[in-house]
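These notes are about the structure you will find just below.
The values are calculated or read from the model by the stated rules, or taken from the named source; none is laboratory data. Since the model is a prediction, treat every value here as computed from it, not as a measurement. Cβ placement follows ideal geometry from the backbone for every residue including glycine, while neighbour counts extend to all protein chains displayed.
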Amino acid sequence: MVVGAGLAGWRLVEALRRDGYEGEVTVIGDEQHRPYDRPPLSKQVLAGVVDVDDTTLVHPNSPHDVTWRLGVAATALDVERHEVHLAGGERVAATHIAIATGTRARRFTSSAGERVHALRTIDDVIGLNADLARVTPGATVAIIGGGFIGAEVATSLTKRGYRAIVLEGAARPLLGPLGAEVSSWLVDLPAAAGVELRCSQQISDVVVEDDALRLRIEGAPDVVAPVVIAGVGAVPNADWLVDSGLVLDNGVVVDRAMQAAPGIAAIGDVARFAWSGPTGPGLTRMEHWQVANDHAATLARAWLAGEPHDGPFVPYFWSDQYGKKIQMLGHPDPDDQVLRVHGALEAGRWLALYHRDGVVTGVVALSSPRALMLAKVLLETPTDVAEAVALAPWVS
Ligand SMILES: Cc1cc2nc3c(=O)[nH]c(=O)nc-3n(C[C@H](O)[C@H](O)[C@H](O)COP(=O)(O)OP(=O)(O)OC[C@H]3O[C@@H](n4cnc5c(N)ncnc54)[C@H](O)[C@@H]3O)c2cc1C
């Protein structure tokens, strides 16, 4: 049984069937929709060039036989009995249970309540588009948070003719995930793409004022906008497991084979998994599309072949923002040292290595996808940074 009808859950179904599993599979999801892809929501869907229906991950002719239980939330897990409790009181048992409940958007708390949009689901996009339909293109849309989602939303809305203002709390966007140096290389991108970025903005409240919203900002002028969207992070959907006895610590803690308990696993955004990176082992949780795919393949193998995939696991994510593509391999600490080894800031194309204690911990690139992929080898086994520079795989 798979709890969570999202990317990781569906990829697990596909991997199990592909690897020969012919038994029953039930997929439980609290959304009404079959699994769909989220990355296009803030990009092509919000830009108006892809329809929400085209984000589905389940092809109409999918050969995979599945019992769908959609529009119903799992509310508890009985680990001893291998039973999932559903809203409404029903209990469903299975020999193997995969927890794939992902994350939800963190809500921005203010007097305006739900009038401040979040962007995580198809229903969020539909609600946002209905609100945008009230205002004419050219109107100001305020975006709280200049992280990955905020930047993509601002980019898409600018393409549709809105005036996007991004209000970022930190001194620079992406300071947290990418660190001081790399974030400083990206700070001019919004203006070049026609987006106004205001940093160090502490929003004390958002209040409804006639047809618009007023954002009150400490020590700065208010911003008034008819539509406000917040991209302020995500929270793991693990609350329903609080009485299960599973180890919960910023997600569901699992081992290398994604197991939380015998026959019970967690994958995707909700999983805090054992990962041995270039500088040693640790527990980590990643909200990356590719990681959800990799988890599903690892779990299918663990359940069907009795062993986890033991090849190198190199985390990957990308973001399309302000007309550029940011890509990252590995999972560096934002405090790791950074060495730019390819391209130039002025050219808007570059590649840099993160390193710690002389070992490469990550590769980040701006609009240099080929160079990035060539550099993946540096993370497959621990690589000395001087050796990486000598090898320069990114110029092959
Ligand atoms: C707008 C957007 C853009 C993104 N862009 C990128 C990108 O460019 N690059 C990148 O690497 N990653 C991106 N991501 C992240 C990527 O989409 C996620 O890493 C991926 O969706 C994780 O898959 P998942 O299956 O773990 O979780 P989800 O896709 O969140 O699926 C989990 C499902 O479980 C359901 N659920 C939750 N609780 C329950 C419950 N109690 N009972 C039943 N069902 C439940 C949820 O409603 C959801 O349908 C983006 C995410 C968003 C929201």
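The table for this structure:
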item: Residue match in the stretch 159-172 (condition: at positive phi, in a loop (DSSP other than H, G, I, E, B) and among the small types (Gly, Ala, Ser)); result: yes
item: Every residue from the stretch 262-280 that is free of Cβ contacts under 8 Å to residues at least 24 places away in the same chain and either more than 16 Å from the ligand (Cβ to nearest atom) or assigned by TED's automatic domain parsing to the domain that holds Gly358 (or both); result: Pro262, Ala274, Ser276, Gly280
item: Hits in the stretch 119-153 (condition: closer than 19 Å to Pro177 by Cβ and in a loop (DSSP other than H, G, I, E, B)); result: Leu119, Arg120, Gly145, Gly146, Gly147
item: Residue match in the stretch 256-278 (condition: assigned to a strand (DSSP E or B) and of a type in the set (Ser, Thr, Tyr)); result: yes
item: Subset of the stretch 116-140 [surrounded by fewer than 15 Cβ atoms within 10 Å (Cβ to Cβ) and either hydroxyl-bearing (Ser, Thr, Tyr) or more than 16 Å from the ligand (Cβ to nearest atom) (or both)]; result: Ala130, Ala133, Arg134, Thr136, Pro137, Gly138
item: Count - residues of the stretch 88-103 that are more than 17 Å from Trp303 (Cβ to Cβ), in contact (Cβ under 8 Å) with a residue 24 or more places away in the chain and either touching a Cys at 6+ places or on another chain (Cβ under 9 Å) or not in a strand (DSSP E or B) (or both); result: 2
item: Those strands (runs of 3 or more DSSP E) lying entirely in the stretch 1-78 with at least 3 residues more than 8 Å from the ligand (Cβ to nearest atom) and closer than 17 Å to Asp269 by Cβ; result: none
item: Counted residues, the stretch 241-263 - those being touching a Lys or Arg at 6+ places or on another chain (Cβ under 7 Å) and either surrounded by fewer than 18 Cβ atoms within 10 Å (Cβ to Cβ) or within 15 Å of Val3 (Cα to Cα) (or both); result: 4
item: Those residues of the stretch 160-180 which are of a type in the set (A, V, I, L, M, F, W, C) and in contact with a helix residue (DSSP H, G or I) (Cβ under 9 Å, 6 or more places away or on another chain), in sequence order; result: Ala164, Ile165, Val166, Leu167, Ala170, Ala171, Leu174, Leu175, Leu178
item: Hits in the stretch 166-217 (condition: touching a residue at least 40 places away in the same chain (Cβ under 8 Å), farther than 19 Å from Ala142 by Cβ and among the charged types (D, E, K, R)); result: Glu181
item: Of all residues in the stretch 295-321 being within 16 Å of the ligand (Cβ to nearest atom) and farther than 20 Å from Pro40 by Cβ, the one that is modelled with the lowest pLDDT; result: Phe313
item: Pairs where the first residue, in the stretch 237-261, is without any contact (Cβ under 8 Å) to a residue 24 or more places away in the chain and the second is assigned to a loop (DSSP other than H, G, I, E, B) and of a type outside the set (Asp, Glu), C-beta under 6 Å, 6+ apart; result: Leu248/Ala238
item: Per-region count, the stretch 237-256, residues within 15 Å of the ligand (Cβ to nearest atom) and either of a type in the set (Gly, Ala, Ser) or closer than 20 Å to Glu114 by Cα (or both); result: 4
item: Odd one out for Val232 among (1) touching a strand residue (DSSP E or B) at 6+ places or on another chain (Cβ under 7 Å); (2) not in a loop (DSSP other than H, G, I, E, B); result: (2)
item: Flag for Leu86 being assigned by TED's automatic domain parsing to the domain that holds Tyr36 and either at pLDDT below 95 or near the ligand (Cβ under 10 Å from one of its atoms) (or both); result: yes
item: Selection from the stretch 74-89 of residues that are small (Gly, Ala, Ser) and buried (at least 18 other Cβ atoms within 10 Å of the Cβ); result: Ala74
item: Yes/no for Val92 being surrounded by 16 or more Cβ atoms within 10 Å (Cβ to Cβ), assigned by TED's automatic domain parsing to the domain that holds Arg160 and touching a Lys or Arg at 6+ places or on another chain (Cβ under 8 Å); result: no
